[in-house]
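Enquirer: Can you keep this structure in mind? I'll have questions shortly.
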Amino acid sequence: MDKLDLSVALIVYNEEERLYKTLESIKDIASEIIVIDSNSTDNTCAIAESFGAKVYNEEWRGFVEQKNSLTAKCTKEYILYLDADEVVGDELKKAIIDAVKNGKSDGYYIRRKTHYLGKLLNYSWQKDERLRLVKKAANPLWVGEIVHEELKVDGSTSHLAGFIIHYSYRDIDDHFRRTIRYARLSAESYYKKGKKFKLSKMIFSPAIAFIKIYIIKGGFLDGIPGFIAGVSAYVYGFLKYAFLWDMYRINKNKDLNK
């Protein structure tokens with residue numbers, strides 16, 4: 001298969017367990033692989049280089065700045081942004097080939113399904129669709145806050161068939177450690193923007209998040225992994241507001257002690 005006029009772009013850190021599968025899924029279509037590492041201490045860089053990737057080491061500056069740095073280093077007509085825990089499925093690969101060769105849009109949204117606790121989830125965390133394949137000439141730009149970054153382009157967008165398989169969490173321990181971390185980061189973002197703590201939000205938002213994933217979106221059809229996904233949404237929603245309350249409490253005490 002002839003490789004496409006396509007750069008695949010990733011930011012990585014200590015991803016030796018998962019990166020190989022990611023790069024294996026795109027090695028036959030990407031004519032350029034750009035990787036920005038942030039001082040990994042494992043074999044991440046060696047694995048990337050074994051696929052012919054151009055590897056750059058840069059200090060961590062946040063998701064938005066790191067991903068925009070990727071864009072500047074890509075030289076091909078199209079850029080496909082992936083995370084190191086994502087694998088391009090066969091149907092999606094065919095759609096990417098067609099889009100790069102014949103597509104008329106400036107950007108393409110791609111659906112993701114999460115592989116969690118040994119099961120591909122068809123309902124939980126859906127509909128998860130991200131703008132990931134773009135023309136470099138469309139001025140792709142990552143924008144957003146501490147946690148929720150988003151890709152923007154100038155021009156038209158459409159959707160690709162198939163999906164990315166997202167190997168997001170290694171196990172339950174990894175899942176809930178990251179849930180706590182992301183909740184804290186979201187609270188920090190709220191605090192910096194001056195969003196006030198409301199007890200009603202801490203009481204009702206977590207329950208609504210659980211109901212949305214587990215019942216409305218059909219997470220119960222994903223079995224036990226779907227139930228755990230719903231509980232994680234509850235925990236995330238509760239901790240986000242608990243952390244926000246604690247930040248205001250701590251800073252109020254600092255002001256009183258001045």
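The values are calculated or read from the model by the stated rules, or taken from the named source; none is laboratory data. Note that the structure is a prediction, hence the values are computed from the model and not measured. So basically every Cβ, Gly included, is an ideal-geometry build from the backbone, and we count neighbours across all protein chains shown.
Enquirer: Pick from K201, K195: which is out of contact with any Lys or Arg (no Cβ under 6 Å at 6 or more places or on another chain), of a type outside the set (V, I, T) and not in a helix (DSSP H, G or I)?
Expert: Result of the check over K201, K195: K195.
Enquirer: Let me ask you something else. Quick one: which strands (runs of 3 or more DSSP E) sit completely within segment 114-184 and have at least 2 residues that are among the basic types (K, R)?
Expert: By residue number, 129-135.
Enquirer: I'd like the full set of residues that are in contact (Cβ under 8 Å) with a residue 40 or more places away in the chain and within 16 Å of the chain's Cα centre (by Cα), limited to segment 177-197.
Expert: T179, Y182, A183, S186
Enquirer: Suppose we keep only residues that are without any contact (Cβ under 8 Å) to a residue 60 or more places away in the chain and small (G, A, S) within segment 119-171. Which one would you say is surrounded by the most Cβ atoms within 10 Å (Cβ to Cβ)?
Expert: A138
Enquirer: Residue under question is T114, and the condition is that it be within 16 Å of the chain's Cα centre (by Cα), modelled with pLDDT of 95 or more and assigned by TED's automatic domain parsing to the domain that holds Y248; does it hold?
Expert: no
Enquirer: Take the residues in segment 27-51 that are surrounded by fewer than 22 Cβ atoms within 10 Å (Cβ to Cβ) and touching a residue at least 40 places away in the same chain (Cβ under 8 Å), then tell me which one is farthest from T71 (Cα to Cα).
Expert: Within segment 27-51, the match that is farthest from T71 (Cα to Cα) is I29.
Enquirer: Considering every residue within segment 201-211, establish whether at least one is touching a residue at least 40 places away in the same chain (Cβ under 8 Å) and of a type in the set (G, A, S). Let's see the steps before the verdict.
Expert: Narrowing segment 201-211 to residues touching a residue at least 40 places away in the same chain (Cβ under 8 Å): 201-202.
Cutting the leftovers down to of a type in the set (G, A, S) gives us none.
Checked against the condition, which is being touching a residue at least 40 places away in the same chain (Cβ under 8 Å) and of a type in the set (G, A, S), segment 201-211 yields no hits at all.
Enquirer: In segment 1-17, which residues are assigned to a loop (DSSP other than H, G, I, E, B) and either surrounded by 19 or more Cβ atoms within 10 Å (Cβ to Cβ) or among the acidic types (D, E) (or both)? Quick ask: steps written out before the conclusion?
Expert: Quick first cut of segment 1-17, residues assigned to a loop (DSSP other than H, G, I, E, B) only: 1-3, 13-17.
Across segment 1-17, the qualifying residues are D2, E15, E16, E17.
Enquirer: Does segment 81-92 contain any residue that is touching a residue at least 24 places away in the same chain (Cβ under 8 Å) and over 18 Å from the mean Cα position of the chain (by Cα)?
Expert: yes
Enquirer: Since V64 meets every condition but one in (1) at pLDDT below 95; (2) outside any helix (DSSP H, G or I), which condition does it not meet?
Expert: Going through the list (1) at pLDDT below 95; (2) outside any helix (DSSP H, G or I), V64 breaks only (2).
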